[in-house]
1. Keeping all protein chains in place and using 1.4 angstrom, which order do Tyr372, Tyr413 fall into by accessible surface area, from largest down?
2. Which residue, Arg254, Arg296, Arg371, tops the fluctuation ranking in a GNM of the chain built on C-alpha contacts under 10 Å?
3. Towards the positive end of the charge dipole of the chain, with charges on Cβ (+1 Lys, Arg; -1 Asp, Glu), say which of Ile299, Ala194, Gly88 has the farthest Cα.
4. Could you give the size of the charge dipole of the chain about its Cα centre, using +1 on the Cβ of each K and R and -1 on the Cβ of each D and E, expressed in debye and rounded to the nearest 20?
5. To the nearest 10 degrees, how steeply does helix 293-313 sit against the main Cα axis of the chain, on a 0 to 90 scale?
6. Taking the chain as the reference, fit the longest principal axis to its C-alpha atoms, fit the long axis of helix 237-250 to the helix C-alpha atoms, and give the angle between the two in degrees, 0 to 90, nearest 10.
7. So how do 90-101, 387-398 stack up, highest first, on mean other-Cβ count within 10 Å?
8. Provide the solvent-accessible area of Thr106, counting protein heavy atoms only and rolling a 1.4 Å probe, rounded to the nearest 10 Å².
Amino acid sequence: MIRNIIFTLPLLLAFSFTSNNNKFEDFVESDIPYLKELYIDIHKNPEISLMEKETSKKLANELRKVGFEVEENFGGYGVVGILENGDGPTILYRTDMDALPMEEKTGLPYASKVITKNFDGNDVGTMHSCGHDMHMTVWTGTARAMVERKDDWNGTIVMIGQPAEEIGAGAAMMLDAGLYEKYPVPDYGIALHASPTIPAGKVGFGKGYIMANTESVDIKIFGQGSHGAAPHMSIDPIVTASMIVMELQTIVSRNLNPLDDAVITVGSIRGGTKHNIIPDEVNLQLTIRTYKEEVRNLIHKRIKEICDGIAASMGLDKSRWPKIVMRDQSTPANFNDGMLIDIMTDVSNSLIGKENVVAVEPQMVGEDFARYGSTKEDIPTAMYWLGTVPKERMDRYISGEYALPALHSPFYYPDIENSIRTGVKVSTESLIKLFNN
Ligand SMILES: [Zn+2]
Ligand SMILES: [Zn+2]
């Protein structure tokens, strides 16, 4: 008798696990048409950073529908949705909501045709080319699945709909509005980002630093204008700028430890009006990408030394040395907590199969999700990559006839159903696992 129980109990447990699993798979499957419709609606109606008025309303309504307490307009158009489900940890799950000021060129039947008047008063095409529409859809699907599976977890889930990610401002706006004072401070925070290189149906993970600290820097270089035929009467800012641009290249190659990563790119150089006039000013725009704080500080110090040194060597008075302005669009580096990534990787391996879980190298792109973790509370956070590339595009890419469009490309689009299916499953099971951790 006892022996029978010993033999049958594991079988019964295995059976109930599988049937629970199947039940969840069926639920996700049955929810896909609803989520697909939501995706297409959001995709067709993109709103750029700081203008996410209608999008945020949609998300707030989605959460209310399934029983979340929701606050809108929290730090700009931010949305906070809370679901308390007994005693347990508090976990934050964030989506961003903004689109980009660019015209969509996918040619899809549901392509965005939206034109937005931007803050400079110019009409710009508008497109969800960073996949934030997919982030919102999976986020909504996960909220619905967490309600469906309320019996499987205890704790509080804090769903964040964040504005203005593309300008690196939204997370700070929500934190500054008192997110952690007004709402429970999370024990963990998770998010995902659409991947333009991983096939739909797969997910990607990386531990430690996965995305860089990004900063925008303006450098105004002064000179003394003159006739182009009388260079001896000038201090030529174009020559000064050229020297500075070349010298900046030595920071990464000569000043940094070769094992530390960084990028310094001069993305814009503007000066002068005509062939035969030496101007009196040149403007540079730089992007800087780093992981470590000390590397970032060293780069700032070297930029100033290089600018001052070259200006002095050109004979400029100290009052006319280059003016360096750090723009406030900086975002901290994303550090994926090892324990969270281990849990999410295990969950994904058993949920979608090891062959669909890939390791992802760190990248020099930026994301302001890191801010939710890098507060004084120092919260472990992790962001995973959700594969979104449609099969036909992947096949053409593998055969070498096609380059995959990057994020922010006017041609980027995800495989809707496969991305939703995988995203909702992985996000939901990861959250449930973390609540039971
Ligand atoms: Zn983006
Ligand atoms: Zn993005």
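The values are calculated or read from the model by the stated rules, or taken from the named source; none is laboratory data. Just so you know, these numbers come straight off a predicted model, no measurement behind them. Note that each Cβ is placed from the backbone with ideal geometry, even for glycine, and that neighbours are counted across all protein chains shown. Just so you know, the surface numbers come from the protein's heavy atoms only, side chains and all, with ligands and any DNA or RNA stripped out. Shrake-Rupley method; radii C 1.70, N 1.55, O 1.52, S 1.80 Å.
1. On the way: Tyr372 0, Tyr413 40 Å².
Ranked from most to least accessible, the order is Tyr413, Tyr372.
2. Of the options given, Arg254 has the highest mean-square fluctuation.
3. Highest projection toward the positive end goes to Ile299.
4. Details: 42 positive and 59 negative charges, 119 e Å.
For the chain, the charge dipole is close to 560 debye.
5. The helix 293-313 is inclined about 10 degrees to the chain.
6. 40
7. Details: 90-101: 24.8, 387-398: 17.6.
Order by mean packing, descending: 90-101, 387-398.
8. Its accessible surface works out to 30 Å², give or take rounding.
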